[in-house]
Structure formats: C-alpha cells, structure tokens
Protein chains: 6
Amino acid sequence: MGMTIQLINPNTTATMTERLVLGAQARARADTRILGITNGAGPASIEGHYDEAMSVPGVLRAVGEGDALGVDGHVIACFGDPGLLAAREIARQPVIGIAEAAMHVATWLATGFSIVTTLGRTCVIARHLVERYGFRDQCRGIHALEIAVLDLEADPEALYRALRGACVDALRTDGSGAIVLGCAGMAALAESLQEDLGVPVIDGVGAALNIVELLGALNLRTSKRGDLAYPLAKPYVGLRDFLPERR
Amino acid sequence: MGMTIQLINPNTTATMTERLVLGAQARARADTRILGITNGAGPASIEGHYDEAMSVPGVLRAVGEGDALGVDGHVIACFGDPGLLAAREIARQPVIGIAEAAMHVATWLATGFSIVTTLGRTCVIARHLVERYGFRDQCRGIHALEIAVLDLEADPEALYRALRGACVDALRTDGSGAIVLGCAGMAALAESLQEDLGVPVIDGVGAALNIVELLGALNLRTSKRGDLAYPLAKPYVGLRDFLPERR
Amino acid sequence: MGMTIQLINPNTTATMTERLVLGAQARARADTRILGITNGAGPASIEGHYDEAMSVPGVLRAVGEGDALGVDGHVIACFGDPGLLAAREIARQPVIGIAEAAMHVATWLATGFSIVTTLGRTCVIARHLVERYGFRDQCRGIHALEIAVLDLEADPEALYRALRGACVDALRTDGSGAIVLGCAGMAALAESLQEDLGVPVIDGVGAALNIVELLGALNLRTSKRGDLAYPLAKPYVGLRDFLPERR
Amino acid sequence: MGMTIQLINPNTTATMTERLVLGAQARARADTRILGITNGAGPASIEGHYDEAMSVPGVLRAVGEGDALGVDGHVIACFGDPGLLAAREIARQPVIGIAEAAMHVATWLATGFSIVTTLGRTCVIARHLVERYGFRDQCRGIHALEIAVLDLEADPEALYRALRGACVDALRTDGSGAIVLGCAGMAALAESLQEDLGVPVIDGVGAALNIVELLGALNLRTSKRGDLAYPLAKPYVGLRDFLPERR
Amino acid sequence: MGMTIQLINPNTTATMTERLVLGAQARARADTRILGITNGAGPASIEGHYDEAMSVPGVLRAVGEGDALGVDGHVIACFGDPGLLAAREIARQPVIGIAEAAMHVATWLATGFSIVTTLGRTCVIARHLVERYGFRDQCRGIHALEIAVLDLEADPEALYRALRGACVDALRTDGSGAIVLGCAGMAALAESLQEDLGVPVIDGVGAALNIVELLGALNLRTSKRGDLAYPLAKPYVGLRDFLPERR
Amino acid sequence: MGMTIQLINPNTTATMTERLVLGAQARARADTRILGITNGAGPASIEGHYDEAMSVPGVLRAVGEGDALGVDGHVIACFGDPGLLAAREIARQPVIGIAEAAMHVATWLATGFSIVTTLGRTCVIARHLVERYGFRDQCRGIHALEIAVLDLEADPEALYRALRGACVDALRTDGSGAIVLGCAGMAALAESLQEDLGVPVIDGVGAALNIVELLGALNLRTSKRGDLAYPLAKPYVGLRDFLPERR
C-alpha cells in the first residue's frame, strides 16, 4: 500500500498548486497519493523575506493538519523552504523542502551546480540556504531571470527561451555541470530543458517527493531528540486558526 | 529631540515586556523614548523553531504599524531574532535583533565569547545565527541552563546562582573572555553578573537599543536596493490583521 | 518494470556481500533487482587510505562491467566511498556511495548527527568526506568502536552492546539527534538500534539504494558536461583486466 | 556629562587629523568631546603592511597616554585597524577600529556590502580583516580607486566622480546593497554619496565613534580575562619613548 | 652523504619521466640522487578522476618498492597528488605530492596565487586539493589551457605562448602575485616564465623534491601514530603484483 | 657557495638568540651561514599582542639592514610571526616565520597536528595564524603550558616533564599525529621529545631555516607584484632609527 504525501504550495495561488500536482504525479511512485494543498493564508507568490515569513503559519497549519490526519510525509514546495525546521518540530512524519531536495540531488550528479531563479531579490534567500545546507563549494552561482513567479505562466515560450538562455549562460560562466531550478513554478520545464541542454536539470518538487518516499521506505522519521522535538505546550494569543490540535 | 524606538517583545507575555522596558530605559539615551510592544499574536514564550515561526507575523505587524506611525527604529527582543530580514524589508527605519546586537558587541570586547541560554533545544537556533552572522571563530560555545523562559522569574536567586555557575563553567571550558546572555529575560541580571564575574556580560536588549540609536545618529537606514527593498505589492489571503497599510 | 542496481562491496569478502544483499533487498522497492558484486581485487576489508586505494580499480571494473550490461545504477558499499568520482566518469548510470547517502539522509532528520565507525584510524576518512560533502556544521562528532570490520561478525551481541554504548555516548557528547553508521557491516543492526535508542539510525546501504532508485524515477543521470565526462581514450599499461570495454 | 574620546589618526599627517575631527564632531553626541591625535611617529600615509606596522608603536603610545589621562575610549582611524588587539590589551577603556566599525554597521543595513578603497595594494589588508571579523559571506567585493591616500584631497571633484563611479560599479558587479568606504580620508564624502547613490554609504570614523559611545552607555569595557589582559611587565630595550607608564 | 629520492611519474609515459628527471636534477642538492620511476601500470596521461584512480596502485607499488630498497623519500609527480595519503601509510620515508608542494611554496611568496593547468576537466581536481590543503583564501583562481598533457610537448613555442597568455590573464583577473603550474609537464617552462612575467612561477616537481630534502635534513618522517600508521596486514585478492612485501 | 640567512630573534634577550643559533646550525646545510640577530628594540619576551606589536619595528629594521647587506633570506623566530607581511614588502629576499614553517611542515607528516605553547594568553595568536594560514582542519588543538618564555630555561628537567606531559595529553585529546612546538625557546627539546613520544615534533626554527634554503635553491623570491611590492616612498616622523636606507 502506497504513501500519502502532502504537496504544500506555500503561496495562495490555487492554480499553481494544481499544476504542481499534475507534474508531480508523473514523478512519484505509482501507488503514492499526492494531496495538493494550497496555503490558506499568505501572499499570492513568494518573492522575498516578508512574503516568506507571512506564508509560514499557513504552511505549518497544513503540516499539522495533514500529520493529524495521518499522511506519510510533507513537501514544502517553495524554493525558500519556508518554515522547514518548524514543520519538522510539529510533524511526526518527514518534511522536505524543494530547495533542499534539489540541491542535494544536484551534488550526486555533478561536482558543481548553478541555480536559476526568478527575481534577483530572491537570490539572497537561495544563497542563505546554500550556506545553511553546506553547499558553498558545490553551488557555483545563483542567477535570476527577473521574471516574477506569477508571470512565469504568461508566455510559456518566452519563458522557455529566457530560462534556456539563463541556463546556458550559467553553465558557461560557472563551469558547472547541472542546473537547479529555483522556483516550483519552473517544474514543468525541467524535462525539456534537460533534453535540450544535455545536462541534468533538477526540479525540486519531484526531488522532494521522491525523498519523502525514500524516507518512508527506510522507515525514517524526523528525530524527536533535541531541537526538533515537538514544541512545548504553551498558551497562545491570536493566530488560533493556525494552531494544530494538541497531541 | 530624541528618537522613539519600538522595543518589540516577540512573545505574548506582557509582564515580560514591562520588565524589558524598565531595564532598557536605563540603558538608552536620556531623550530616547522607548515604546514597549507585546506581540499581539503567538506563543507566551519562544523556545524552538515553531514558537519562533508563529511569532513572526505579529512581530512584523508591530514593525509595520510602528513604521507607519513614524517611530525611528525597532528592536526585536528575542534571542532568535525572529523575522529580522522580513522586518527590514517592510520598515523604512532600522531594525535590530538582540542576538545579533549582543554578538557584535561581544566581538569588540574579547577575542572569544560564550553564549548562555535557556533550554538546550534553543541552542541550535543560536548556533545557526552564529553561522549566519559570521562569528564561527569568535563564538567558543553555546550553553543551556535548562530553565524555561517563563520560569526565569520564578526564583530570582536560584536563577542567579544557576546562571552564574553556567557562566563560570562556560568561561573556563571555552577559554572565552565575555558572556552573551541568550535570552531577553536575563537582561536584568547582566550588570550584577558582570560585576561578579569580572568579565563583560552582554545583554542584547541594551545593545540593540543602542545600535538603533547609533544608526539614527549616523543617518543610516536599511538599504532599499536589492533584497531588502519593500515587498512587492500582491494579493493576500487570510492573515489580514497582520498586513501593514500599503505604502 | 523495476530497476537493476549493482550493490558493489569494495572489499573482497564475499560473505559480507551476501549479508549486505540480504539486508538491502528488504529496503529496496519490490521490483528492484539487486545484484551483489564482491570486488574481484583488493583487501579483505577496508580500514585505511591504502586499503581504500587498492580497492578502487576493482570497484571501477565492476561499475564499468555493470554499466556495459545495462544495469540502472550502482551503489559503492564502503563508508569511504572509494572511487566515487572516477566511477561517475565511466558510468552512464548513477553511482552513489554509502557515506554520502547516509550523511545526506541524516541532514533531513536532525540538525546535527554523529558518525559511529569501526577503527579510529578510519575516522579521518569520514572526516575528509564530511568536509568534501559540505556537512561540517551538521556532523557533530565521529566516534570509533575500535572493532575491526571483519570482527563485526564475531560476537553479534557484544557488537550490539558496544555499538549501542558508543551511540548513547555520541548522542550525549555531541548533542546530536541522529546516528550515521560508519560501516556497511553495521547495516543489519540499524533497525534494532533505532528502536532501542529512539533516534534515527541511518544505514548507508539502504540509503544509497533508495537514492539510486530516486534518480531513476526522476530520469536523472550523472552530468557528462565537464569534469565527470567519460574519460578520454588513451593507451594503458598493465591493469588491463581492470579496463572497461571502450565505448 | 559626556564622554571624551580619542580619535587617533595612525598616519602622521596633521591636516588629515584636523579634517577627521571636524567631520567626526557632527556625528558624535552633543556632549562627547573628541580629541584628535596625530600619530607622533610613522609614515605620512598608510598604504601597505609596512606602513601599517611602523605606525603601530605610535598608535599604542597614544592609546596608553590617553588611557592614563582618563579618556573614555579610543578610535583607531585607519582602515587597516593597525594595532587594534594590542591597543585593547593596554587600554582600560574600549578601542574600536574604523574598518571593524564600518563592516559591522554595514551588516545591519544590507545582506551584502562592497568596500571601495584607495590603492589596489591595500585590498589584501581589507580582505584579511574581512576574514578575521567573520564577514566573508557579507562582503561581496573589495575595489580600489588607485588614488593614493594623500592625493584624496588634491581635486575633490575628480575624487568624488571617481569614487561615485567605483561605487556604482561595485554595487552592480557585487549585487550588494551598501558601500563601506575603505579609507578615513573619504569620510567627508559619505553623506553626499549616500544621497546620490540611494544606498547606505558607511564612513568608519563616525561608526567607530558611535560604537565607543555605545559601549560607554552600556558600561562595557574590554575583557581583561585571557588574551586581552594587560601586558605582562617586562624589561624593554629601545622604543622607550613609546612605552606607557607602568600601571 | 646525500639522499636518494624517488621521483615517481604516475603516468606511464617514460619520455615524460626522463624530462622530469633532467629538470629536477638541476633543482636538487648536488649530492641528492634522483631515481626517476615511470608508473608500470595505468594511463599514458592523467586527466580526470578515473585516470588518477587507475594510476594509484602502480604509484603505491613504486613507493613500497623504493621504501623497501631504502630510498630516503618519494615525490609523486602529478598535479592531482594521486595516492598521497595511501603512500604515506605504506612508506617509512616522507612522501610529497607536487600540487601540495607548489601550493605551499606559493603561499610563502605572495598573499594570493593562481593555478594554470591543462584541461578544464582537471580543474575540479585542483579545486578539491585547494580545499583539502586549506588554501581557499590564498588560491584566487584555477585556469585551464585546454591543451592535453601529452600535447604539451608538440609545439614548445606555441605552448609557451599559450601558457604565458594564460598566466598574464590569470594574474590580472585574479589579482594574484604568483603562478602555480598545474602539471608536471610544464616544469621546464617555469624559469623562462618567471623571468618573463616578473612574478614567482612555481613548478611543483622542484618544490616537492626540495621539501623531501628538507624533511630529511630535519630528521622528520610521516607520523605512524593514528591514521597514517602502516596498513593492517590482511588477505588480498588479485592485484598481487601491486602488493609490497610484508614488513 | 652557501647561503647567508638571518635568524632574527624578535625579542631582546640575546642569550636566547645565542641558543637559537646554536641549535639552528645543526639543522641547516653545511655551507649555510646563520647570522643571529637579537632585536635591538622591544620587550625581553613576546607573550601577547602588545609585546608582538612593539617588537615589529626592530624586526623590520633587522630585515632591512640584512637585505641591504645582501643576505639571502630571513627567519623571524617567534611563534607569532611578527611583522611577516611587512618584512616581505621591504625585503628582496625570502622571509619565513617559524609558526608558518612549523605548521606547513606538520601537514606533510600527519593529517592532524597539535600546538603546544607557553602561556594561555598567547593561544589566540596561534589560533589567528592557524586561520590565516588555512589550517583550521589540520590543527586539532592549541595547548598552553602556562610557563613564561623566559622561564623555559629555569629548570630544564621540569620543563621537559611539563612539555612531555602536555604533548601526551594533546595527542590523546586531539587525536592528532604530530606536535608543533609553539615557541622558539622550545627548539632544543624537539629531538628528545620526538624520540620519546614516537611522533614528529616540529621546531619552527629549523623548519623555517630549511624553507629559506629551499626557496634559495629554487631561485624563488617574494612576489613584488601587488600587495608585497616595496613600500611606497613617503615622509616619516620619528622612528627614524628604524627606517631602512631608501632603495
């Protein structure tokens, strides 16, 4: 019997969630059931620290609710991995972010990778994650298309051309061997780009889903020893809609 | 004419805010006006990633409201510096976190410092901040009292003894020259400890306030070029109480 | 239709390979076919730089032969990941080492992990891999049982007690949240230890197998752009038994 | 009652000291008294390791004399922070360098900063300080005008144009959000540049003065525990003019 | 009485060994005897991880045989330092790699150096060595001529022009003060280049030989405490031609 | 014809210089002439940042005078390497510090080393050099005897016992394979300790002398391109006794 995995879109644009789920199903095991969850609170897209911070309570609510319902794991499908460690605290089951997933996968395929993302203002978020995850030596560059997340859909062909051009430049400038796509909204283009460019092009959504499957297969869950233990019970003011049922 | 600085307590315990403001006033310039703000949403204390994440929208609301009202700067008075970069995006005026402030100050007084904090589960938060801020070489150890934030008040003498003991151990084990207090709730003890131990004991609340004053004196504000520019305007779902007025 | 994955034991002890395959089958997908390969050349166990270096040509021969036969991926089942980058050069299909696999998995489950390995003299090999893979901040300690690889089998109960004791010590000393087992020969004990200790205990063999499956599912292969491109054709002297057929 | 702070110019050009003091007064608290001290021994300008080393005994003499006279703190106004740790050993009161001060301040205003300095040969000094202070991730580039320190005064308009051009280039190339001026002699231009460029432009002299004031307000002094304790009393040969009175 | 040092060429091209020995003699002490050893097994040139891995057993056999015969030290004359730590395990006498040697020497002559090597695909090998040896801050760039090792001989004048051009570019781009030649096959050009460019140009072969001499003069040998102790005796399968006599 | 090398003792204790020269002669080439130079200005011993800073002008004067007289290189024989980069600027011939020399040599003999030095207050100086030279991963610990430099001579047997004990502790605690002696005054004990402990014990004086010889043999000098170029000519005030003749 397969796993049920929540694919949480941290932004509040439901059409984007739908596309993510469509693309993800093809990348998951046949018997994996993917539950697409659109964040119920927060910005329509996430393009900065503030957007990200405001998306987190909704992400955590989704994680908590799914965990209570018995899902087998969670993917946080925004390249900033918003709320990742907090989600690990409250969930019994594994939680994986797509930036984390894509970067890890890239290191197994090339000695150096490049990230291509949306707006220049989000590059520092990717950069901080690279530092946190330990991939300073492997990440050779972070590049921005200067296309907003919600505009990725506007003109698919123009997007593809821009993305392809940025990837070609990144590979040459950085001397890297693989591309990490720096936005969940680029997932659908990974396969064509990979074929076109002749190098691995990694979409974090597929990568994260497969990592959750992997952890399930290995019977591994977040450590509850130490700093990822369940949060201590304590009084809350406001944000009540966001609080999970007490365990 | 002096500055008006918001001292934001990210937890929702108003009595703690009051004590912070009392202590802070003595450390600020005579003509500085300190506005104590208790977070209107979130946990009663912050002792983990989840607590911290849930405190952030309220912190950001306070920052946004204060900025709209024309305050001259903001201090985020929790040792995890919750929401710091997001706050810098939305505020016109400087925002300083107390962990950041205390660590910076420590490096001016000793070649190595030790952090003494509350619960062991929060050490990783301090550790991640040390890495982010660049003080891997200067921070020689992070130590926990295993006393919860809200229990810091329970028995002041017992707290003092425990804290003093932990500091003495930290100085010896780490070979460090200064102590950084790892919780806003310890601020009141800094002076006695310093006198008692004969080394600098740094309270981040006083440090952060003075840094905001310093930035005001130097006519310096957060850069709005690049990743700390104001957030892009975009539709929001939920969390409406938390959104600042649009500029 | 499932994948066929080579599980290559870099040492030349066939009984160890058999046990590895037995254990691995339970951790792989139902339709994955695992081919256990005992290195045809090299030392009976790998406990140092020299042992490791001497195992590599045989490992590479196995990788090359398997790749020529059309297997879908390769696991190098020794905690030093011997020959990993060279194997990636010659193989069309993914190659994963068990040290690499176990460390990556550990970072998804805890903010810090400890490695427990066999002999003290191998700790530096683990240490160099930690540095190469980028996990300096996440790996909190490397500990040795001082039991030789081939003695791991001698007295299973004594081994379990020793290993359990070392893990308990490591978790406390390092303040870590997960254990990485530092030898393929410890794989069979992972599950009991995990149940016993109440923290994730990660066996790299299962982890690496699942990562190869994941890469297959995502249609990802080693980048042939740049430094992992197929080796240049050139004359060879000696070692002829070790050379793969020319592509 | 305000503080008295020594503003020590490590080079021996008195006219430069005068200008520094003029500019500094406007940036200090109203009741702070600034004592400008021109180094009594050493080179007319500091543009290399040798110049810097030769300036140090005079700097230390000034620190020692000021400390004996009861000043409340010291600023070392050369971007190499010459003699900083030695000065902290001999002084009872705080000592701050302008490179240190400017870099710390920059990290509070932007996630990345650029340094613009005088001659290319001094870049390595800035680079070593960046590494020592921990700002490898935050400092995105170090750029030289190739104008000598004492020529900064020659043609103010040409200097401003050159400096402005270098700052514009640095911001774009480095993707940074703030400018650190890499020479005390550039202090007078900070404000115009800041207005002109629309990003924070940080002059270390003002920054360091305010940090000394901050430490005074917080009742903090250099730790005398460990490596910054007063130097051990010992016989000296030569350099007698440079030795402070024995405490 | 002078030392006898093995100069081991890890590739199997005997003419290259001859040239190396010719050049080396001029750089060694008058009473040093240099034994040129061409690897008896492996590729004709080393330009990647696979080539390197396959060269190692032959290198180790040469080290073991020389050590048994009583030579006083060993140089591994390929810029990837293949088998270095393994060789240190089996040898009683010192073993030095030419990449290691050249990089160490460069740091004594300039605050930053550039590496110029053969093919782009080998740059990552140099990069990994830079990281392992600790010279991230000192190595300012790694550059490739895109000339294959065995083509270095084809047209000496064209090679010199290409190499000279690459060095000039590297010095300017990197802002470095010295050149490290990234291939043993470039050794003969070091002196002319140095005179021509006016900066130190370091050939690792001469550097490594002199370091072995230095260690002999200081009566220093590889530590046999810990991880470089002699390999444990154990059964071997295959590779028998490569195994040293048991001590 | 051999080289003439200045062995500069940065402290002003002539008897220490004499002992250093005696010990050094045995470690240099037969035809090397060693000129012992006692610093003409500064403290009797160097045990802190201030002592070190005050020793530098005298060290630089000695370097400049020796260079003018045509010596072939310089050793700065104090474990803090005082004035090293400044000396490289003014000298035509190579300059090597003993801390630098000892650490480099240690990395060729073991994968990790420990430093044993005199007073605890000097450990931070060693630590900063470890960071500057790039040996964070290789230096496993820095330990202090708490014996002052000038007391090293007082009771040779007691010193030996204390030093031996500290080395044994360091090797065990750090898991290291070699000892670096952290003071020129310990040089005479290196050989006995090495025999006694069975691990390499490295005296920086011998190491540095041999490195200068090595650079001479390889016809290598400090790069005069960039930041180690000769200091710019400029007016000086005071310190006139310390200034070299103008080139």
Checklist outcome for this item: Counted residues in region F:109-137 being touching a strand residue (DSSP E or B) at 6+ places or on another chain (Cβ under 6 Å) and within 14 Å of chain E (Cβ to nearest Cβ) come to 6
Checklist outcome for this item: From the option list A:A106, A:A102, A:A86, A:A53, single residue qualifying as more than 19 Å from A:G182 (Cα to Cα) and of a type in the set (A, V, I, L, M) is A:A86
Checklist outcome for this item: Only unsatisfied item for F:A77, checking (1) more than 11 Å from chain E (Cβ to nearest Cβ); (2) free of Cβ contacts under 8 Å to residues at least 60 places away in the same chain, is (2)
Item to check | Residues (crowded, with 17+ Cβ neighbours inside 10 Å and more than 20 Å from C:E213 (Cβ to Cβ)) located in region C:5-23 | outcome: C:P10, C:N11, C:T12, C:T13, C:M16, C:R19
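Residues checked against (1) more than 14 Å from chain A (Cβ to nearest Cβ); (2) surrounded by 21 or more Cβ atoms within 10 Å (Cβ to Cβ); (3) touching a residue at least 60 places away in the same chain (Cβ under 8 Å); (4) not acidic (D, E):
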{"residue": "B:R161", "(1), (2), (3), (4)": "yes, no, no, yes"}
{"residue": "B:A184", "(1), (2), (3), (4)": "yes, yes, yes, yes"}
{"residue": "B:A187", "(1), (2), (3), (4)": "yes, yes, yes, yes"}
{"residue": "B:E195", "(1), (2), (3), (4)": "yes, no, no, no"}
{"residue": "B:V212", "(1), (2), (3), (4)": "yes, yes, yes, yes"}
{"residue": "B:L220", "(1), (2), (3), (4)": "yes, yes, yes, yes"}
{"residue": "B:Y230", "(1), (2), (3), (4)": "no, no, yes, yes"}
Checklist outcome for this item: Of the residues in region A:35-59, those that are of a type in the set (D, E) and touching a residue at least 60 places away in the same chain (Cβ under 8 Å) come to A:E47, A:E52
Checklist outcome for this item: Just one listed residue, out of C:D169, C:D151, is out of contact with any Gly (no Cβ under 9 Å at 6 or more places or on another chain), more than 21 Å from B:R121 (Cα to Cα) and surrounded by fewer than 22 Cβ atoms within 10 Å (Cβ to Cβ), and it is C:D151
Checklist entry - Which of the residues that make up region E:9-34 are of a type in the set (D, E, K, R) and touching a residue at least 60 places away in the same chain (Cβ under 8 Å)? => result E:R19, E:R27, E:R29
Item to check | Given (1) more than 14 Å from chain E (Cβ to nearest Cβ); (2) on the phi < 0 side of the Ramachandran plot, index of the condition F:E146 fails | outcome: (2)
Next on the checklist: Here's a check for you: in region C:232-245, which residue that is surrounded by fewer than 20 Cβ atoms within 10 Å (Cβ to Cβ) and in contact with a strand residue (DSSP E or B) (Cβ under 8 Å, 6 or more places away or on another chain) is farthest from the other protein chains (Cβ to nearest Cβ)?
Outcome noted: C:L243
Checklist outcome for this item: Checked against (1) at pLDDT below 95; (2) closer than 25 Å to D:R172 by Cα; (3) surrounded by fewer than 22 Cβ atoms within 10 Å (Cβ to Cβ), A:P156 satisfies every condition except (2)
Checklist outcome for this item: Among (1) of a type outside the set (G, A, S); (2) farther than 30 Å from D:S176 by Cβ; (3) free of Cβ contacts under 8 Å to residues at least 60 places away in the same chain; (4) buried (at least 16 other Cβ atoms within 10 Å of the Cβ), B:K224 falls short only on (2)
Next on the checklist: Please pick out the residue among E:G134, E:G112 that is at positive phi and touching an Asp or Glu at 6+ places or on another chain (Cβ under 7 Å).
Outcome noted: E:G134
Item to check | All positions within region C:73-98 that are touching a strand residue (DSSP E or B) at 6+ places or on another chain (Cβ under 8 Å) and either among the hydrophobic types (A, V, I, L, M, F, W, C) or closer than 22 Å to C:G175 by Cα (or both) | outcome: C:V75, C:I76, C:A77, C:C78, C:F79, C:L84, C:A87, C:A91, C:V95, C:I96, C:I98
Checklist entry - Does region D:153-172 include one or more residues that are hydroxyl-bearing (S, T, Y), on the phi < 0 side of the Ramachandran plot and in contact with a Phe, Trp or Tyr (Cβ under 6 Å, 6 or more places away or on another chain)? => result no
Item to check | Per-region count, region C:182-230, residues at pLDDT below 95 and touching a His at 6+ places or on another chain (Cβ under 8 Å) | outcome: 1
Item to check | Residue count for region F:140-174, restricted to those that are over 23 Å from the mean Cα position of the chain (by Cα) and of a type in the set (K, R) | outcome: 2
Next on the checklist: Is it the case, given these coordinates, that C:G238 is within 30 Å of C:L35 (Cα to Cα) and free of Cβ contacts under 8 Å to residues at least 12 places away in the same chain?
Outcome noted: yes
Checklist entry - In region E:6-34, which residues are among the basic types (K, R) and in a strand (DSSP E or B)? => result E:R33
Next on the checklist: Considering only residues that are more than 18 Å from B:E213 (Cβ to Cβ) and more than 14 Å from the chain's Cα centre (by Cα), which ones fall in region B:61-87?
Outcome noted: B:R61, B:A62, B:G64, B:E65, B:A68, B:L69, B:A86
Checklist entry - Among the residues of region C:24-37, which ones are under 16 Å from the mean Cα position of the chain (by Cα) and farther than 10 Å from C:L7 by Cβ? => result C:R27
Checklist entry - For region B:24-33, how many residues are surrounded by fewer than 20 Cβ atoms within 10 Å (Cβ to Cβ) and touching a helix residue (DSSP H, G or I) at 6+ places or on another chain (Cβ under 7 Å)? => result 1
Checklist entry - Going by the structure shown, is A:V201 among the aliphatic types (A, V, I, L, M) and within 17 Å of A:E146 (Cα to Cα)? => result no
Checklist entry - When you look at F:G177, is it closer than 30 Å to F:A91 by Cα, buried (at least 24 other Cβ atoms within 10 Å of the Cβ) and at pLDDT 95 or above, yes or no? => result no
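The values are calculated or read from the model by the stated rules, or taken from the named source; none is laboratory data. Computed from a predicted structure; not experimentally measured. Because the Cβ atoms are built from the backbone with ideal geometry, glycine has one as well, and the counts that use them run over all protein chains shown.
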